[in-house]
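Reviewing the structure listed below.
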Amino acid sequence: MVKRSGLRCGRIFPFLILLIATALTACGTGYYALDDERIAHLGETDDVRLALTRAFGAPLAPIVRNIRTPSGRLFYRDGLEAHLRSKLKPLDIIATRSRPAMTRLMIPSHFTHAMIWLGTEAEMKRLGVWDLPGILEHHDELKKGHTILESSKDSVHLSPFSEMINLDELVILRDTRRDPKRLRRKYAALFERLGATFDYSFDYGDSSRLTCAELVADVYPEYGIPVRYTTGRKSIIPDDLVRIGLDSGSPLQFRGWIHGNGIPPFTLAGASDVRAVLTRPKPKPNAL
């Protein structure tokens with residue numbers, strides 16, 4: 001009986017974590033625009049949901065990450081890595097929809113993550129950034145192929161190329177301003193943020209920690225990524241980053257959507273296709 005009870009508890013535990021996480025984030029509630037006085041003050045006082053994620057977000061994160069999830073639809077797709085390596089340019093921003101996981105349910109956005117492609121060693125040398133003071137100490141990692149910079153898990157860190165392909169979808173966004181001096185400033189700013197703590201509360205009001213989208217907003221304030229109100233806090237939504245890339249007047253430009261929803265090996269889709277899947281702010285509640 002003891003063994004049977006223990007087994008039953010082991011099976012139930014992941015579902016308890018799911019219930020707790022769902023309660024903490026109130027997933028599926030969407031987000032609101034912060035564009036008038038009626039709701040601009042929201043998030044200035046702690047909502048109970050924000051207080052709970054501040055208290056339990058970090059301790060629960062390793063448990064949530066260790067729950068077994070399937071590989072992304074683009075994983076091991078023939079020709080995908082070669083295609084990406086031929087298309088990507090240094091400092092391209094990659095917005096992704098992660099493989100099916102509980103964390104995906106907690107983000108009110110079709111695209112759930114953003115990362116920055118740093119380029120190869122040769123490309124970084126051509127741009128004159130390889131020997132910048134903040135990059136020198138990371139040469140070993142970069143030479144091993146850890147050429148993606150992202151905020152995930154516990155911190156802002158370097159990741160291998162495989163992080164870009166074990167997912168369901170990705171959008172390539174490129175800043176059209178390719179002035180070498182500007183690129184060097186952005187490289188320096190990105191590497192300055194290595195080691196910053198990940199923001200498990202997804203709270204834009206906490207400047208000491210960074211989510212993936214907050215990292216982009218911090219290094220590229222000129223994009224004007226809107227701040228939203230969702231689940232008791234102000235947040236940056238990855239879909240808004242993609243939306244900016246679809247704006248013809250923006251220096252950040254859409255360069256393609258790749259997904260694994262169609263016929264293998266993978267599907268290349270255009271701007272009108274990606275517009276159709278983006279989430280949008282909910283109408284303002286009358287009560288506010």
- Cross-link partners of K153 among aspartates and glutamates (Cα-Cα below 14 Å; sequence separation of 8 or more within a chain): E163, D199
- Where the centre of each part is set by its Cα atoms, how far does segment 169-200 sit from segment 231-245, in angstrom? 17
- Query: Is there a pair in K181/K234; K87/K234; K87/K143 whose C-alpha atoms are over 28 Å apart, and which pairs would that be?
  - Reply: K181/K234; K87/K234
- For segment 180-279, alpha-carbon Rg relative to the globular expectation (2.2 N^0.38 Å, N residues): 1.23
- Query: Within a Cβ distance under 13 Å of H259, other residues only, what is the Lys/Arg minus Asp/Glu net charge?
  - Reply: +1
- Return the FRET efficiency for the residue pair V277, L105: r is the Cβ-Cβ distance, R0 is 22 Å, and the value is rounded to the nearest 0.05. 0.85
- Note on the structure: The answer for the net charge of residues other than M164 whose Cβ lies under 11 angstrom from its Cβ, with Lys and Arg +1 and Asp and Glu -1, is -3
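Where a number appears in this text, it was derived from the coordinates with a stated rule and is not lab data. Everything quoted here is computed from the prediction, not taken from an experiment. Cβ atoms come from the backbone with ideal geometry, glycine included; neighbour counts cover every protein chain shown.
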